[in-house]
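J.: One structure, as structure tokens, below. Some questions next.
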Amino acid sequence: MIIQHQSHDIETATGTMRTSVYRPQADGKFPAIIFYSEIFQQTAPIARSAALLAGHGFVVLVPEVFHELNPLGTVLAYDDEGKDKGNADKWAKPLESHDSDTQALIDFAQTQDYCTGSVGAMGVCIGGHLAYRAALNPAIKAAFCLYATDIHSDTLPAATGNNSFERMADIQGEIHFIWGKQDPHVPQEGRNKIYQQAVATNINYQWQEVNAQHAFMRDEGARYDPALAIAMYQQAVALFSRTLYT
């Protein structure tokens, strides 16, 4: 499908959040996918991923995940300076603020005349965590979480009793976890901890571990695995086609 791209400034509980919207040019209503980026916000690889998903018949929303901490339109570079700033932002923003961002994105999607009102979530790295976190919201029908960081370690700021790992049982939709076996950010013991919690809570999940490093989806840099990335996009499109087109 041919797609179009616009930018919207969405008001949230913690300020204005610039959000890129990728959607089909065709007339009609389409389900929405909130696509959460890495700590670097909407880089060129993230924009290409969003466009790819939109071309399969979805409205894809890419929010600036650290909008409170940067000027609108900020994109961090894939270098040490960008990594340091992005990590500092990650530690500074509480999960509750991400939750209110998610609700604002859901509200936005459900009031657009080109959206059906069905919403899913997808993300990479910290964005994988935020897609998981979004799935705690009952409006999210499905989530596709790629190498989600910081779930196992309980290191992101949150109020007592509101960390992501302990709230797994609140997930009502279907969730897919994808991990790289060679990813040092989520080692084997961390993956085991998350898997055991998924079993214990009896959520509707799928689990996949692949031979890949962290950021294998990013089509810039030495860790990119094109064949594996294509397979992941196909799985994500299949998940959202099945769960959001109902």
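J.: List pairs: first in region 198-216 and under 18 Å from ILE230 (Cβ atoms), second hydroxyl-bearing (Ser, Thr, Tyr), Cβ under 8 Å, 6+ apart or cross-chain?
T.: Taking only residues 6 or more apart or on different chains, the pairs are ALA215/TYR147; ALA215/TYR224; PHE216/TYR147; PHE216/TYR224.
J.: Another question, then. Under 6 Å between Cβ atoms, at least 6 apart or on separate chains: pull out the pairs that start in region 114-131 with a residue that is hydroxyl-bearing (Ser, Thr, Tyr) and end on any residue that is modelled with pLDDT under 95.
T.: Every condition considered, no pair remains.
J.: Let me ask something else about it. Yes or no: region 152-164 includes at least one residue that is buried (at least 16 other Cβ atoms within 10 Å of the Cβ) and outside any loop (DSSP other than H, G, I, E, B).
T.: no
J.: Any chance you could count how many residues in region 25-42 are touching a residue at least 60 places away in the same chain (Cβ under 8 Å) and not aliphatic (A, V, I, L, M)?
T.: Adding up the residues that qualify gives 8.
J.: Another question about this same structure. Scan MET168, MET217 and give me the residue that is touching a Leu at 6+ places or on another chain (Cβ under 9 Å), more than 21 Å from LEU52 (Cβ to Cβ), modelled with pLDDT of 95 or more and not hydroxyl-bearing (Ser, Thr, Tyr).
T.: Sole residue among the options that is touching a Leu at 6+ places or on another chain (Cβ under 9 Å), more than 21 Å from LEU52 (Cβ to Cβ), modelled with pLDDT of 95 or more and not hydroxyl-bearing (Ser, Thr, Tyr): MET168.
J.: Can I ask one more? What are the pairs with Cβ atoms under 7 angstrom where one residue, in region 219-241, is basic (Lys, Arg) and the other, located anywhere, is surrounded by 15 or more Cβ atoms within 10 Å (Cβ to Cβ)? Sequence gap at least six, or different chains.
T.: What qualifies is ARG223/GLN213; ARG223/HIS214; ARG223/ALA215; ARG223/PHE216.
J.: Here is a follow-up. Mind listing just one residue for me: the one in region 33-77 that is under 17 Å from the mean Cα position of the chain (by Cα) and of a type in the set (Ser, Thr, Tyr) and, of those, surrounded by the most Cβ atoms within 10 Å (Cβ to Cβ)?
T.: The extreme case among them is TYR36.
J.: From LYS193, LYS181, grab the single residue that is in contact (Cβ under 8 Å) with a residue 40 or more places away in the chain and basic (Lys, Arg).
T.: When all the criteria are applied, what remains is LYS193.
J.: In region 124-151, what residues are in contact with an Asp or Glu (Cβ under 9 Å, 6 or more places away or on another chain) and in a strand (DSSP E or B)?
T.: The answer is VAL124, LYS141, ALA142, ALA143.
J.: Can you run down the residue pairs with Cβ atoms below 7 Å, 6 or more apart or on separate chains, where the first is in region 143-163 and of a type in the set (S, T, N, Q) and the partner is crowded, with 20+ Cβ neighbours inside 10 Å and in a loop (DSSP other than H, G, I, E, B)?
T.: Correct list of pairs: THR149/CYS125; THR149/VAL186.
J.: Here is a follow-up. If I filter region 1-32 down to residues being assigned to a loop (DSSP other than H, G, I, E, B) and β-branched (Val, Ile, Thr), which single residue comes out as surrounded by the most Cβ atoms within 10 Å (Cβ to Cβ)?
T.: Applying the filter and picking the extreme gives THR14.
J.: Same structure again: When you scan region 197-217, do you find a residue that is touching a strand residue (DSSP E or B) at 6+ places or on another chain (Cβ under 7 Å), farther than 17 Å from GLY123 by Cα, surrounded by 15 or more Cβ atoms within 10 Å (Cβ to Cβ) and of a type in the set (Gly, Ala, Ser), even just one?
T.: Within region 197-217, one or more residues are touching a strand residue (DSSP E or B) at 6+ places or on another chain (Cβ under 7 Å), farther than 17 Å from GLY123 by Cα, surrounded by 15 or more Cβ atoms within 10 Å (Cβ to Cβ) and of a type in the set (Gly, Ala, Ser).
J.: Just checking, how many residues over region 78-106 are surrounded by 14 or more Cβ atoms within 10 Å (Cβ to Cβ), assigned to a helix (DSSP H, G or I) and among the charged types (D, E, K, R)?
T.: So the answer is 7.
The values are calculated or read from the model by the stated rules, or taken from the named source; none is laboratory data. Since this is a predicted model, take the numbers as computed values, not measurements. Here Cβ is always computed from backbone atoms with ideal geometry, including for glycine, and neighbour counts include all displayed protein chains.
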